Every structure is written in structure tokens, then in C-alpha cells.
1. Would you mind finding the one in Ala176, Ala108 that is touching a residue at least 60 places away in the same chain (Cβ under 8 Å) and open to solvent by less than 40 Å² (accessible area, probe 1.4 Å)?
2. Within region 150-171, identify whether any single residue is loosely packed, with under 14 Cβ neighbours inside 10 Å and farther than 21 Å from Thr57 by Cβ, and answer yes or no.
3. Does Trp106 meet the test of being part of a helix (DSSP H, G or I) and modelled with pLDDT under 95?
Amino acid sequence: MSGGRERPGRIIGTPPVTVGQPDGCSSVRFQERRRGTPAPRDANARRVMVAQRSRDTAPELALRRALHSLGFRYRVDLPIVGMPRRRADVTFTKWRTAVFVQGCFWHACPTHLHAPRHNSEWWRQKLRGNARRDEETDAHLTLIGWLPLRIWEHETVDGAVERVAAALAARGHPRALAISAWTPVPERAVESS
């Protein structure tokens with residue numbers, strides 16, 4: 001092993017990755033792909049995919065800031081009981097409401113879905129699987145008495161906050177009830193007699 005240090009592979013049955021090779025490639029680490037994942041088209045595509053965040057995305061942060069400024073308190077990135085690898089973006093535990101901020105691409109938004117051209121069959125299955133997992137999560141939460149609420153990234157922050165507040169008001173959240181009480185009602189035309 002001349003100078004290198006052994007690291008076990010991430011996938012069972014793959015050879016270990018050696019860091020610090022004598023051939024001068026010590027700064028390059030070989031990244032292994034999950035089984036069934038196609039190779040990235042190029043280095044830039046790989047960089048973009050690795051940079052995708054699973055939490056604290058811009059739409060999620062905007063929603064959280066707006067909710068917090070109205071006085072709502074919540075839990076962030078809470079695991080869903082009984083469902084491994086699934087987490088709610090914003091959770092109101094006492095009112096059993098889980099809010100998910102969905103990216104239009106990753107969760108196959110019916111309005112903004114853009115089908116990739118490269119590896120199109122794999123992407124079609126991947127996005128379909130994501131949507132199916134979202135449906136399973138919603139069904140599980142409903143079964144255990146929770147309210148799942150899906151917010152798309154293309155929705156306005158004000159519209160998303162209104163939806164969350166309305167859902168919480170329906171569950172008896174006092175701040176949401178107070179907010180819905182002072183929300184201005186659209187003016188009606190006054191009829192003259």
C-alpha cells in the first residue's frame with residue numbers, strides 16, 4: 001500500500017478507496033455512486049448535483065422567516081416517526097402539522113416540471129419515485145392524525161404563510177386564530193338605496 005491509507009468503500013462489495021496514492025493523485029478522491037445511478041454527464045453536472053441542499057433552501061428560509069416574524073414557533077427538519085429518511089421542513093408538533101417546502105424540479109411540480117434530456121429514463125423514474133414517496137408520507141401522516149401541508153417553491157411567501165396560518169387556525173392554533181381574526185376582508189361595493 002505504499003504510503004496510502006485504506007478507506008472502506010461506501011457500497012457493499014466495492015473495493016476500498018485509497019487516499020494518498022504514490023502516483024501524485026492524493027488530492028483527488030474517487031466518489032462512488034449509488035447502485036443504479038447513472039454517471040454524471042460532466043464535472044459541472046456533478047458539481048451542481050452535489051451542491052443541492054436538502055434543508056435550509058431559499059424558499060424554506062423565506063417561509064420560516066415570515067412565519068417567525070408573525071410570532072409562530074416551530075421545529076425545523078424534524079424526522080417523521082415510522083418513516084426512515086423522511087423529514088418535515090417545518091413542524092408544529094402541538095398542532096400536529098407538518099409543512100414541506102417542495103422544489104418544483106425535485107418533486108415533479110405539475111405546473112413547472114421540466115424533463116431532463118440527458119439520462120431521461122432514469123430521471124423520469126427518479127422524479128416519479130420522489131412524487132410517490134411524497135404521497136406515501138402524506139398518507140402515513142394522515143393515518144397517524146397529522147396534517148401534511150405541501151408548499152411549492154413557486155408560491156409567493158405571503159400565499160404560503162396564509163395557507164399555513166389557515167391550516168393551523170383550523171387546528172385551533174391561537175396565534176393563527178388571532179391572525180385570521182384581524183386579516184382584512186375585501187371591501188364590498190356599497191349599494192345605494
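1. Working: Ala108 fails: touching a residue at least 60 places away in the same chain (Cβ under 8 Å).
Result: Ala176 is the single residue among Ala176, Ala108 that is touching a residue at least 60 places away in the same chain (Cβ under 8 Å) and open to solvent by less than 40 Å² (accessible area, probe 1.4 Å).
2. So in region 150-171, the residues loosely packed, with under 14 Cβ neighbours inside 10 Å come out as 154, 156, 158-159.
With the extra rule that they be farther than 21 Å from Thr57 by Cβ, the set shrinks to none.
Scanning region 150-171 turns up no residue that is loosely packed, with under 14 Cβ neighbours inside 10 Å and farther than 21 Å from Thr57 by Cβ.
3. On the way: part of a helix (DSSP H, G or I): no; modelled with pLDDT under 95: yes.
For Trp106, the condition - part of a helix (DSSP H, G or I) and modelled with pLDDT under 95 - is not met.
The values are calculated or read from the model by the stated rules, or taken from the named source; none is laboratory data. As the structure is a computational prediction, the values presented were derived from the model and not from experiment. All Cβ positions, even for glycine, are placed from backbone atoms using ideal geometry, and neighbour counts span all protein chains on display. Surface areas here come from the heavy atoms of the whole protein model, side chains and all, with no ligands, DNA or RNA. Shrake-Rupley method; radii C 1.70, N 1.55, O 1.52, S 1.80 Å.
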